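Enquirer: Dropping a structure here in structure tokens format, bear with me for questions.
Computed from the coordinates by the stated procedures, all read-outs in this text should not be read as laboratory data. Bear in mind that the values here come from a model prediction, so they are computed numbers and not experimental data. Glycine gets a Cβ as well: all are built from the backbone with ideal geometry, and neighbour counts include every protein chain shown.
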Amino acid sequence: MSRTVSIVVGASLTGMVWTGTAWAEAWVQIEAKSSLAQAEARARDWAGMFPDTTGFRLDSGWYAIALGPFADEAEANARRRVLRREGLIPRDSFVADGNNFRQQFWPVGATLNTAPQATQPAPQADTQSDVRGAPMPAPIDVEPLDGPDETAQSSDQTTPPDAMASTPDTSAQDTTTAPEALNSDTTAASDAPALRDVTPAPQEATPAPEPVETLAESRRLEAALDPQTKRDIQTALEWEGSYQGAIDGIFGRGTRGSIADWQSKNGYQPTGVLSSTQQAALLDKVASERAALGLQTVTEQEAGIRIELPMGLVKFARYNAPFVNYAPKDDSGVQVLLISQPGDTARLRGLYDAMQTLEIVPTGGERNIRGNSFTIEGENTAVHSYTHAELSNGQIKGFTLVWPAGDDKRMNRVLDAMKRSFTPIGSKTLDATLGQPMSVTRAALMAGIEKRAPVFSRSGFFIDADGHVLTAAEGLDQCGRITIEDHAASLSFDGGAKGYAVLTPHDTLAPREVAKFNPDAPLAGAKVAVAGFSYPEALSAPVLNFGTLSALKGLEGQDNQARIEAQTRAGDVGGPVLDGTGAVVGMLLPASDDANRVLPDNLSVALQSKAMAPGLSDKGFTPKEAGISANRAPEDLQQMADGMVVQISCWK
């Protein structure tokens, strides 16, 4: 088996804005930052992977991070192609000739034969230094067009005026004595008072003001951006929620409006054109947020899926067909399932139903299945989840993202990245035998994706063509959710003490059979059949349990009940009691929960039809009345039950 994780450096969003011309050596420029602190931090990260990482200040005032130097452009380009193919450097990395490289800042203390620098005067009191003692370069955005050529100045050049103002005249200090010495009668050196230090206190440095970039300059710099950087800007704007268009690198009306929207949200003048400072702020912010999530392109060869995953929040756990399970990392509460299995439309529908039974897919939220794909949104007070799956060429592939409630803003960004990047690849689906050794229990394998079980399941039956279902009332008022054959339903009428209730499905159901009531109960001793889901976990169809109507009274003499001698189970409760013609003569009631009363296994109690029909009619659910008919064969009764009886489930 093989799993590939391609490293996608978050800071690759930072665009390369300025390029050089011709130089004897070549570098692979992989990143640029607008501040020295950011550049040093990134260079330190890159150096952990590439020992030949270097860093230079650019003409623009930005700071470039590069690999090299290489002997020539061909050697640099060969290295760039290999690293890009392996996904180890950003896609927008390029070969630089170093012509616009200025002062080297990385490695710390290193020197290189870069472009000539102006001769620097001796350090003065106003020289700005970083913590390592290296001079901090003054921020420069645009080189001056006029002025003396600094490189032409001699080594004994005139001290700048600001340095003169802050540096004392040392020759005067050597000959001038303090006033106390002038008033003294003693001239011996040993008796003379010490000379007073008249050296002015060092002046605190005044940082150079940031150059102001005009709108025209911003437009000029933007025009020089390469297409990939423009796409990175659109991607960053999309991440920030300001852009919804295509990531095409074309700055049209939509992109301009998105830039203006982002500028307004972040306190800038909404010009629709990013200055170099704003561009750096946008790209760096998004890069840092992506880095915190650890978004990486993951290629799951066994499942045949390529997708971006938040590897800072999840970690690979196991294969458990049809899922590749990524468990929470560092208690993040985030889970990912990659779905991969062979199938057709019927199996896609089965997966759609099965996913909704998992604990990680809450019951609240929208569901949608159409054609060859489906989406499921789950939401409750604890977790949110999103599932997507699609069928193509006999393969079902998809994913599920689960996250804690309250983290929607951040996780919606992750979800957007997963939606955009989800790509089925190859012709392979997850091998059903791939997974943990058999010594690992099934419970351990399913940890985190356990199937949700109902509180109880029972039977019911259609009483009209609109899909209304009659069932036993006991316990339904305690259900958080009720389903009819996996279709959500609501409690339209709760008979309470009367013993029966009516459910209305939220979806339109078309019954194949509708119950017909026989208001005249058969005589005691008549043969009857109870139709219900006796084995809900094992059988997906109702079962007929044949027996005898032993008495038309309840256990305590109730006139509206009847006693049945038949082998029934808990899943049969709410099912119809049919006479030989298939007419409904009653409905099976739950067994008594009185611990002091133990009844024979084959004794059940039913509510007679005549006790339910008037109340149903009063509520608008008038049941159909059975006509005179001959007895039916058992197989015909089974066919009636298959079309009329449904399974009811009560959920928390």
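Enquirer: Evaluate Rg over Rh across the stretch 454-652, taking Cα atoms for both radii and Kirkwood's formula for Rh.
Expert: With Rg and the Kirkwood Rh in hand, the quotient comes to 0.93.
Enquirer: What ranking do Lys619, Lys33, Lys285 get, fewest neighbouring Cβ atoms within 10 angstrom at the top? All intermediate terms of the calculation are to be shown ahead of the outcome.
Expert: On the way: Lys619 12, Lys33 23, Lys285 15.
Starting with the residue having the fewest Cβ neighbours, the order is Lys619, Lys285, Lys33.
Enquirer: Related question: Viscosity 0.692 mPa s, temperature 37 °C: what is the translational diffusion coefficient of the stretch 301-445 from Stokes-Einstein with a Kirkwood Rh over Cα pairs, rounded to a whole number of µm²/s?
Expert: Diffusion coefficient, whole number: 212 µm²/s.
Enquirer: Further, regarding this structure: Please order Asp507, Asp284, Asp593 by the number of other Cβ within 10 Å, starting at the fewest. Let's see the in-between values first.
Expert: Working: Asp507 11, Asp284 20, Asp593 7.
The most exposed by this proxy come first: Asp593, Asp507, Asp284.
Enquirer: Still on this model: Which order results if Arg102, Arg85, Arg256 are arranged by neighbouring Cβ count within 10 Å, fewest first?
Expert: Details: Arg102 20, Arg85 9, Arg256 14.
In increasing order of surrounding Cβ atoms, one gets Arg85, Arg256, Arg102.
Enquirer: Round to a whole angstrom and tell me the spacing of the C-alpha centers of the stretch 403-432 and the stretch 504-563.
Expert: Distance between centres, Cα-based: 47 Å.
Enquirer: Which residues' amide hydrogens lie under 5 Å from the amide hydrogen of Gln296, considering only partners 5 or more residues apart or on another chain, with H built in the peptide plane?
Expert: Amide H to amide H, under 5 Å and 5 or more residues apart or across chains, Gln296 pairs with Leu309, Met311.
Enquirer: Quick one: divide the alpha-carbon radius of gyration of the stretch 226-293 by 2.2 N^0.38 Å and tell me what you get.
Expert: Numbers: Rg = 11.0 Å, N = 68, 2.2 N^0.38 = 10.9 Å.
Taking N as the residue count of the stretch 226-293, the ratio is 1.00.
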